[in-house]
Amino acid sequence: MEDTWVSRDLPVLDAVVKLLDEGNFVVHVADIANETGFDTRTVAQALDALDGPYVAEYQKLMTGGIPDSWHVSKVTPEARQAVGQWPTADSLAVQLAAAFSEAAEKENDPERKSRLRQIASFLAETGKDVAAEVLAKVILRPAGMG
């Protein structure tokens, strides 16, 4: 079985989210094809695979099987997370570790620099799962993203 997530589905999903966020009320298969460089049949196959977990409203019109005018009008929060528009607990944990590392590099006090490096190292390695769990509970779930 061929993996279609990276080669087809994710680029189509990314284009859908981008086009919807540009203010389009609906995004037609032809527009997505234009954005991705895929033909309309490939885009339609990807949207069929994405329908439900990532694409909330996908309308297939009676067009004799020609998908050009079929359209998407809504995506799920999971879609926004999948394309990186909304954070996941893991991505926030990675960003937090990077922020502590960056703060350590800018710090002049050797003792504080050492502590910041220790925190960054902990968050990047051992503490990543703990940090991700805390971030999910404290930030993402109350915001409806986790």
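Restrict the check to region 88-100 and report whether at least one residue is farther than 30 Å from ASP21 by Cβ and open to solvent by 50 Å² or more (accessible area, probe 1.4 Å).
Checked against the condition, which is being farther than 30 Å from ASP21 by Cβ and open to solvent by 50 Å² or more (accessible area, probe 1.4 Å), region 88-100 yields at least one hit.
Identify the residue in region 101-137 that is not in a helix (DSSP H, G or I) and not hydroxyl-bearing (Ser, Thr, Tyr) and, among all such residues, is most open to solvent (accessible area, probe 1.4 Å). Please lay out each step first, then the result.
Restricting attention to region 101-137, the residues satisfying the condition of being not in a helix (DSSP H, G or I) are 107-109, 125-127.
With not hydroxyl-bearing (Ser, Thr, Tyr) added as a condition, the list becomes 107-109, 125, 127.
Values: GLU107: 41, ASN108: 142, ASP109: 66, GLU125: 123, GLY127: 1 Å².
Ranking the candidates gives ASN108 first.
Here is a list: LEU61, LEU47. Which entry is part of a loop (DSSP other than H, G, I, E, B) and either free of Cβ contacts under 8 Å to residues at least 12 places away in the same chain or crowded, with 16+ Cβ neighbours inside 10 Å (or both)?
LEU61
Restricting to region 57-86, give me the number of residues that are farther than 15 Å from ASP9 by Cα and either more than 17 Å from the chain's Cα centre (by Cα) or of a type outside the set (Phe, Trp, Tyr) (or both). So that I can check it myself, show each step before the final result.
Step one: list which residues in region 57-86 are farther than 15 Å from ASP9 by Cα, which gives 57, 59-71, 73-74, 77, 85-86.
Okay, now just the ones that are also either more than 17 Å from the chain's Cα centre (by Cα) or of a type outside the set (Phe, Trp, Tyr) (or both), so 57, 59-71, 73-74, 77, 85.
Within region 57-86, residues that are farther than 15 Å from ASP9 by Cα and either more than 17 Å from the chain's Cα centre (by Cα) or of a type outside the set (Phe, Trp, Tyr) (or both) number 18.
Test ALA93 against the criterion of being within 17 Å of the chain's Cα centre (by Cα) and closer than 30 Å to VAL43 by Cα, and give yes or no. Steps first, please.
Numbers: within 17 Å of the chain's Cα centre (by Cα): yes; closer than 30 Å to VAL43 by Cα: no.
For ALA93, the condition - within 17 Å of the chain's Cα centre (by Cα) and closer than 30 Å to VAL43 by Cα - is not met.
Mind listing just one residue for me: the one in region 7-44 that is outside any helix (DSSP H, G or I) and without any contact (Cβ under 8 Å) to a residue 12 or more places away in the chain and, of those, nearest to TYR58 (Cα to Cα)?
Within region 7-44, the match that is nearest to TYR58 (Cα to Cα) is ASN24.
The values are calculated or read from the model by the stated rules, or taken from the named source; none is laboratory data. All figures in this text were calculated on a predicted structure; none of them were measured in a lab. Because the Cβ atoms are built from the backbone with ideal geometry, glycine has one as well, and the counts that use them run over all protein chains shown. With ligands, DNA and RNA removed, areas are computed over all heavy atoms of the protein, side chains included. Shrake-Rupley method; radii C 1.70, N 1.55, O 1.52, S 1.80 Å.
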